[in-house]
Structures are given as structure tokens and as C-alpha cells.
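Read through the structure below, which is laid out as C-alpha cells, and then see the notes.
The values are calculated or read from the model by the stated rules, or taken from the named source; none is laboratory data. The structure displayed is predicted, hence computed values, not measured ones. Cβ sites come from the backbone with ideal geometry, for glycine too, and all protein chains shown count toward neighbours. Please note that ligands, DNA and RNA were not included when accessible areas were found on the heavy atoms of the full protein model with its side chains. Shrake-Rupley method; radii C 1.70, N 1.55, O 1.52, S 1.80 Å.
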Amino acid sequence: MSRKLLLTVSALVLSVMCVSAAGRGVDTDSLFVFRHDGMDRRYRLYVPDTLAAGRPLVIMLHGYGGQVSPERFGMLDAARRYGFAVCFPQGAEDGRGKSCWNVGYPFQEGLRTDDVDFICRLARYLVKEYGLDERNVFCTGHSNGGEMCYLMAYRRPEVFAAVAPIAGLTLEWMYRELEATRPVPLMELHGTADKTSLWGGDPRNEGGWGAYLAVPLAVGYWTAVNRCTYEETEELPVGRSGRRVTAHRFRGGSDGCEVWLYEIEGGTHSWSDDVVDTGAEIWRFFSMYVSK
């Protein structure tokens, strides 16, 4: 067989494999293992039988001490409704025996787990394995997972088309030591009465998570990076909780990169499904950045 013919056959086989991978659905019943830095890292995965245009993938990160619980967050319901793949990785344990993402909390000093690299490599593997589109990979997370979203925006903006931290924080060390290298679309949903991740920040580290910025300041950093030129506000319909939600949408950014801040009046440290359909709102934001 000639080399040219062999290459052609190989390309056709690879094409068939990709189509086959994209066409096989995966539900969250199975717990998968991904080997990274000598550790078996676990995750659950949902891939619909028919993917939405752009074959998008969302990485969903749990909070500190959390477990792989796809049904707990609204992203699985949103994935089923809108046809995107979603992965739920499991954080490794820290010195306290708590599952976490290594974002540089003071008590994580000495923790060698490189979660930035793990998540990026896992995303790359899933894209290849299931015929997804590397241009349409997104990251969202709650609490500690939200901090990871901010860290990804700083360190690996080329991997994620947009990020959506929920009740997340920008730690002061990130703000002082890291510098954004490119615009990143970002959405933050945060309660003003959150007693774990304070809306007004914690400059003296009274909560033990390390000093961190006030939410409006953290979000404002990305509006500046994205060069957003104006703000539009919208009062969303009151949900079951009766709390008012103000959507601040900063628009006119470079390459259409917007920043959205959903301010939940009196909201606590939660995913906030009783206030808004958080999963649907996140996908509404992400879908603006799906390349087809």
C-alpha cells in the first residue's frame, strides 16, 4: 500500500472514530478515572446522544469539601435541555482530608496538586475522546470551584472560551501576582449576604480563606481587561425565594467579551436555584461564545 493511500485510509478511520465518539451518549452513572501526575483523578460525565451546534463542553467544579454530585447543580439539567456535554471532576484531598481545588488558600501551602494542569489536560482528553470542539470549552464552579474559574481566567485563558464563577472569589494573591494576558468573558453570580464568600471582601483574612477582593472590584478587574465600555442593568423576575436579582451586564468589550454580574440581594452561599435558574443563565452566557 502506498504511503499516500495509507495516510488517506488513516484519515478516514480517524474521521469515523470522531463521528462515532460524538454520536455516543454518556450518562453520569459511571465514575471515570483520569491519570494525572501519578494520581487517579475521578470524574463523572454527561454527553448527549445529539450534541448542540459547536459540540460544546462545560467543566463544572464543586466547592470545598464537595463530592462529584451531578444532580446537585443545575448544569446537568441545562445540559440535557440544551445539548452540551458537561464534566464533573472530583477534587483531590488536602492536608485536612477535604476534597478541594488548589487555589492558594493559606492552609493549602505546600499542597502540590496542580489542578490547573489537571483540568486543562482532562478537558483536552474529553475533547479528543468524544469529538467535541476545543474552541468551545467552558468552566463554571461554585465557591472553591469559583475561585478556580478566576484562576483559570488568569493562567489558561486560551483553554476556556468563557468562565462563570458562582459565589467565587478573587484571592488577593491572584490580583497582586498574576496579570491577565487576554480578554476573557466572565459571569459571576453572588449573594450580598453570603457569609462564607463575603460580597464586600475580606482584606484582613478574618475568614481563614486568605485575603480576597470585594466582588464588585474582582468583577471590575475583568471589565477593564475586556475593555467593556458600558453597563446595562436588568431586574430579573423574583424567584421562589422572593429575593431581588439585579443583572449587571458590561458590554462593548474587545471581540464581544462581556462581563455579567448577578447581584442577589440577601443571597447566601448557594448555587441559588431558588432565586434564578442558574444553570440556564450560565448557558445563556456561554452560548454567546460558542464558535460554530
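Worth a mention:
- Every pair of residues 6+ apart whose Cβ atoms lie under 8 Å, when the first sits in region 77-102 and is more than 21 Å from G54 (Cβ to Cβ) while the second is of a type in the set (K, R) and open to solvent by 40 Å² or more (accessible area, probe 1.4 Å): P89/R42; Q90/R42
- Residue match in region 275-289 (condition: without any contact (Cβ under 8 Å) to a residue 60 or more places away in the chain, among the small types (G, A, S) and assigned to a helix (DSSP H, G or I)): no
- Here E235 fulfils each of the conditions (1) more than 22 Å from T278 (Cβ to Cβ); (2) open to solvent by 30 Å² or more (accessible area, probe 1.4 Å); (3) out of contact with any Cys (no Cβ under 8 Å at 6 or more places or on another chain) apart from (1).
- Subset of region 252-278 (residues that are hydrophobic (A, V, I, L, M, F, W, C) and modelled with pLDDT of 95 or more): C257, V259, W260, L261, I264
- Just one of the numbered conditions (1) open to solvent by 10 Å² or more (accessible area, probe 1.4 Å); (2) within 21 Å of H269 (Cα to Cα); (3) at pLDDT below 95 is not true of N102: (3).
- Qualifying position, being basic (K, R) and at pLDDT below 95, among R249, R240: R240
- Of the residues making up region 192-206, those that are within 16 Å of M174 (Cβ to Cβ), surrounded by 13 or more Cβ atoms within 10 Å (Cβ to Cβ) and of a type outside the set (S, T, Y) are G201, D202, N205.
- Condition met for E281 (open to solvent by 60 Å² or more (accessible area, probe 1.4 Å), modelled with pLDDT of 95 or more and charged (D, E, K, R)): no
- Filtered residue count, region 183-219, keeping only those that are acidic (D, E), assigned to a loop (DSSP other than H, G, I, E, B) and free of Cβ contacts under 8 Å to residues at least 40 places away in the same chain: 1
- Matching residues in region 41-50 - criterion: being outside any loop (DSSP other than H, G, I, E, B) and either under 12 Å from the mean Cα position of the chain (by Cα) or surrounded by fewer than 17 Cβ atoms within 10 Å (Cβ to Cβ) (or both): R42
- Within region 220-274, tally of residues that are touching a helix residue (DSSP H, G or I) at 6+ places or on another chain (Cβ under 8 Å), part of a loop (DSSP other than H, G, I, E, B) and on the phi > 0 side of the Ramachandran plot: 2
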